[in-house]
């Protein structure tokens, strides 16, 4: 049955004053996208103006005309009511507000307590760049995010990168996590104006780069300015236009630092700082520019990049993961904070760049943007529908886990230094430990290649595979494997390992993430994602059989049907080992060696969680095993019906009887929804033909 979204009263708030253009543009793009939906798919848009953000109202003027209602939220609306009269509705509290709306989105920083307030977390920058925040801000953000994580509501992220960061920091979250990519919505008036006229208004040169960022420290204007200066010294003057607010609330003297840097570097003649411009004028300058540039150190989902995509512009980007996730067509990447790298890139491409606008690129971008904006609006309404539907009961953990074992395990693996992590926790050969540092590194590299050869032995590897490592530590194997596969992720239980991984992986290919998990499951990783999950010399250190079983269940879940799980463990030959089937007790299994396995135990584990054992090689003290996820496994509880595999005709007869009794429609729907999770096989083709017959019968 089709949902009539027109009955949903959606409250969309102002997020900020005029100092955060990202928040202002997010709201404008959201409302603009929703306004393009057909009548039955479009909610009633109630724009909520917060008392604190009244100063930003002029920056939202482009979307006010498409809102159904304008609501002013303030405990004291009197002065504003005198000014605006009946053009606004006035409410004094959250309780009054939720009499006028059904759902509130986006709720940034937990401003609303109502269950139908949908949280939006743009990014977790304070986890990665804490030096850009005060201690009080970090405490506040952590408290807000923890509260959201512990709720049963919905949290929206603008990127997979931000969602993965959250899942890493809050692995036990009970909230629904949803990624909603936003896109810049173009307007016809953008293309009716004359860019040359606006450029002349600000006395700009014919050819220039443009940087449309507020002057916040993490936007890293300084790297850009240094590159411009060095090129000028080489006889390559590149004019730069900067737009955006000039106040960084965290670093009040940052704009002064920028101005002093421009003067010290002697590039006053090249740099044009214009501050906040009307959106129409900013767009014209982007169109006129030869290219955009975005050197930012951290983003949740860059509006600058979306503007470039919407206008078909060439853009130079720092190589952070979000920029790569956004995939602009005309992008050139450089390593973040790398002045030399940016300078070389500019030297290479600047001569070929020409002033805009490029009507061919703009027309192509307009078509693609219209499709993206429509998808953004539809996905937003789908997310809201899911949120408003009755909350489903939480799925139980596949296996109860031993929390005490997890605590001890985390405690053991947290290293004090990166050297300890590398040469005492990971490579434990005493001969290597006694070598000078250079020789230790050489031995480390040799061990890496040897390990990779063992992991991939006998597997039909393909470059487009997605791969996950359990117990990745600092990324010893993840780093080289990223050169071989499309995506390689890693999880580890130890906070310090994750911290050291950022240092170790700094020069790695950025096609994946290393995240902190709870040591027992893969929460935050979607079903049927990976072609290979592997774990090397990790599972014997898990001192709890219940945790091992939990992991097997989760690995089966995140693997694609037909995907592989490759595992290395110790056997039982060392008397210091506990038995895999015992729970740790009396500190016996809390030491380094942990639990040993027998080949029979490993085979039983693979069989019990839906894997066909492809290889099991026992060369004491090691056991290597490979399991392939069976097509039969759907979701750890539903299995492909054996009668279909053996006798499709008999199975059809049985199912026909059930359909006649009106007992099978839900099962057909379930199987139909899950069919993408089977690998290609003769049984699947028979199953598809059967489903079509069943659908005909049901109709």
Checklist entry - How high is the FRET efficiency between residue 129 and residue 263 when r is their beta carbon distance and R₀ equals 30 Å, given to the nearest 0.05? => result 0.65
Checklist entry - When the label point is put 7 Å from the Cα of residue 140 along its Cα-to-beta-carbon vector, which residues of segment 100-120 have a backbone N closer than 19 Å? => result 107-113, 119-120
Item to check | Potential extension, residue 579-residue 439 segment - 0.36 nm per residue separation minus Cα distance | outcome: 46.7 nm
Item to check | Scattering curve values for segment 275-343, log₁₀ I(q)/I(0), Debye with Cα scatterers, q = 0.19 Å⁻¹ | outcome: -0.74
Checklist entry - What is the projected area of the convex hull of the Cα atoms of segment 5-179, averaged over all directions, in nm²? => result 10.7 nm²
Checklist entry - Where the Cα atoms of segment 188-357 are projected onto their three principal axes, how long is each span, largest first, in whole Å? => result 39, 36, 36
Checklist entry - By per-residue mean of other Cβ atoms within 10 Å, what is the highest-first order of 131-140, 515-524, 349-358? => result 515-524, 349-358, 131-140
Item to check | Relative contact order (%) - segment 36-87, alpha-carbon pairs under 8 angstrom, separation at least six | outcome: 40 percent
Next on the checklist: Please compute the modelled spin-label separation between residue 280 and residue 54, points set 7 Å along Cα→Cβ, answer in nm with one decimal.
Outcome noted: 2.7 nm
Checklist entry - Taking the highest mean first, how do the peptides 191-201, 539-549 order by number of other beta carbon atoms within 10 angstrom per residue? => result 539-549, 191-201
Next on the checklist: What distance in nm separates the two pseudo spin-label positions at residue 39 and residue 523, each 7 Å out from Cα along the beta-carbon direction?
Outcome noted: 4.5 nm
Item to check | Nitroxide proxy distance, nm - points 7 Å out along Cα→Cβ at residue 366 and residue 344 | outcome: 4.0 nm
Next on the checklist: Can you compute the FRET efficiency between residue 450 and residue 236 using 1/(1 + (r/R0)^6), with r the Cβ-Cβ distance and R0 = 45 Å? Round to the nearest 0.05.
Outcome noted: 0.45
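Tell me the volume per residue, in Å³, of the convex hull enclosing the alpha carbons of segment 91-207. Mind dumping the intermediate values first?
Numbers: hull volume 25.5 nm³, N = 117.
So the per-residue Cα hull volume is 218 Å³.
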Checklist entry - Once the mean 1/r over all distinct Cα pairs of segment 436-537 is inverted, what Kirkwood radius in angstroms do you read off? => result 14.2 Å
Checklist entry - Where does the Debye-calculated log10 I(q)/I(0) of segment 230-298 sit at q = 0.24 Å⁻¹, using only Cα point scatterers of equal weight, no solvent? => result -1.29
Checklist entry - Based only on the alpha carbon positions, what is the Kirkwood hydrodynamic radius of segment 233-273, in angstrom? => result 11.4 Å
Checklist entry - Order of 254-264, 618-628 by packing, highest average Cβ count within 10 Å first? => result 618-628, 254-264
Next on the checklist: Below 8 Å between Cα atoms, with a sequence gap of 6+, how large is the relative contact order for segment 188-357 in percent?
Outcome noted: 27 percent
Checklist entry - Length gain on complete extension for the stretch residue 160 to residue 90, per 0.36 nm per residue less the alpha carbon to alpha carbon distance? => result 21.5 nm
Next on the checklist: Could you work out how much longer the chain between residue 64 and residue 612 gets when fully extended? Use 0.36 nm per residue separation minus the Cα distance between them, nm to one decimal.
Outcome noted: 191.4 nm
Checklist outcome for this item: Reduced to Cα centres, the span from segment 55-133 to segment 306-341 in Å works out to 32 Å
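Taken together, the values in this text are just the output of simple stated rules run on the coordinates, not laboratory data. This is a predicted model, so every value here is computed, not measured. Cβ sites come from the backbone with ideal geometry, for glycine too, and all protein chains shown count toward neighbours.
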